[in-house]
Amino acid sequence: MNAEDAKVAIAIICKTPTPGRSKTRLSPPLLPEECAEISACFIHDLAATIGGLAEAGGVAGGAVYTPVGSEAQLRGLLPVEFMLVPQGEGDLGARLHKGIADLLAAGHAGAIIVNSDSPTLPHAILQDAVAALRRGDAMVIGPAIDGGYTLIGLTRPHARLFEDIPWSTDAVFALTLERAREIGLPAVILDPWYDIDDAATYALLEAELAGDRPGFAVAAPQDAPWTRAFVERRRAGIAAA
């Protein structure tokens, strides 16, 4: 396959949803069973967005997942053509680096890893990420409003981008840009988005799904029907109680 014909991989980094082990920072307000359910909805909706890009051509969808042995359950949330790539060991940085390296070693022209907590991530942001990698060797990165990032993409593995990063802090995005400058790697910064990982961002999701477009949104939010159905069921249940 010629380099120009190779696809760009877009993979969700995720843990197969399990009550008591998934999205635990959302409890409260959610129950542990609801945390696992909404995690499944997030993956399902984001995978559908990636699947739409794959259908248009030039993109291959997938998941960089854990734990090994949960493939059958995870497959139920993904388009049938998605590839499954097991996560490696170590901290998040080590797992991101290995996931990207594995996707590139499989022959893809670029590899983008997306977090599993942004079900309404705009289609346009993912399109821009793919286009940036098609233009040459660079780091493409989507800042999150909490100081992290929603996605990162590369055309070659660069381990330094993931070293000595205090994960789950508001310094992640800035330090990743610093690492890119340190190794002379151009950075393409995409429009910002957000992760749903606590009560405050769950409230932001509820408002967004009710039609209140986030103030930071440049591109239109992607529809997330599975997540929307969960939020509406939960709201109806609370009202009935």
- prompt: Hey, among Ala106, Ala48, Ala94, Ala72, which residue is under 30 Å from Arg235 (Cβ atoms) and not hydroxyl-bearing (Ser, Thr, Tyr)?
  reply: Ala48
statement: Restricting segment 19-39 to residues that are in contact (Cβ under 8 Å) with a residue 24 or more places away in the chain and either among the β-branched types (Val, Ile, Thr) or surrounded by 21 or more Cβ atoms within 10 Å (Cβ to Cβ) (or both), the one farthest from Ser116 (Cα to Cα) turns out to be Leu26
message: For segment 136-144, check the following and say yes or no: at least one residue is modelled with pLDDT of 95 or more and surrounded by fewer than 18 Cβ atoms within 10 Å (Cβ to Cβ).
response: no
query: Do we find that Ala106 is out of contact with any Leu (no Cβ under 8 Å at 6 or more places or on another chain), of a type outside the set (Ser, Thr, Tyr) and either touching a residue at least 12 places away in the same chain (Cβ under 8 Å) or within 16 Å of Ala11 (Cβ to Cβ) (or both) in this structure?
result: yes
- request: Evaluate segment 160-167: report whether one residue or more is free of Cβ contacts under 8 Å to residues at least 24 places away in the same chain, on the phi < 0 side of the Ramachandran plot, surrounded by fewer than 17 Cβ atoms within 10 Å (Cβ to Cβ) and part of a loop (DSSP other than H, G, I, E, B).
  value: yes
query: Restricting attention to segment 44-64, does a residue exist that is small (Gly, Ala, Ser), under 19 Å from Ala224 (Cβ atoms), within 17 Å of the chain's Cα centre (by Cα) and modelled with pLDDT under 95?
result: no
statement: Scanning segment 183-199 residue by residue, the ones that are surrounded by 13 or more Cβ atoms within 10 Å (Cβ to Cβ), in contact with a Lys or Arg (Cβ under 9 Å, 6 or more places away or on another chain) and part of a loop (DSSP other than H, G, I, E, B) total 4
statement: Of the residues in segment 150-176, those that are β-branched (Val, Ile, Thr), in contact with an Asp or Glu (Cβ under 8 Å, 6 or more places away or on another chain) and more than 16 Å from Ala109 (Cβ to Cβ) come to Thr150
- line: Flagged in segment 1-58 as of a type in the set (D, E, K, R) and in a loop (DSSP other than H, G, I, E, B), in numbering order, are Lys7, Arg21, Lys23
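Being of a type in the set (A, V, I, L, M) and surrounded by 14 or more Cβ atoms within 10 Å (Cβ to Cβ) is the filter; apply it to segment 200-226 and report the residue that is farthest from Leu26 (Cα to Cα). Before the answer, list the steps.
Just the residues of segment 200-226 that are of a type in the set (A, V, I, L, M), to begin with: 200, 203-205, 207, 209-210, 217-220, 224.
Adding the requirement that they be surrounded by 14 or more Cβ atoms within 10 Å (Cβ to Cβ) leaves 204-205, 209, 217, 219, 224.
Values: Leu204: 13, Leu205: 12, Leu209: 17, Ala217: 23, Ala219: 26, Ala224: 18 Å.
Step by step, filter segment 200-226, then rank; the result is Ala219.
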- line: Taking segment 70-89 and keeping only residues that are modelled with pLDDT of 95 or more, more than 19 Å from Glu37 (Cα to Cα), out of contact with any helix residue (DSSP H, G or I) (no Cβ under 6 Å at 6 or more places or on another chain) and in a loop (DSSP other than H, G, I, E, B), one is left with Val80, Glu81, Phe82
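The values are calculated or read from the model by the stated rules, or taken from the named source; none is laboratory data. Computed from a prediction, not measured in an experiment: that's the story for all the values here. All Cβ positions, glycine included, derive from the backbone under ideal geometry; neighbour counts span all protein chains shown.
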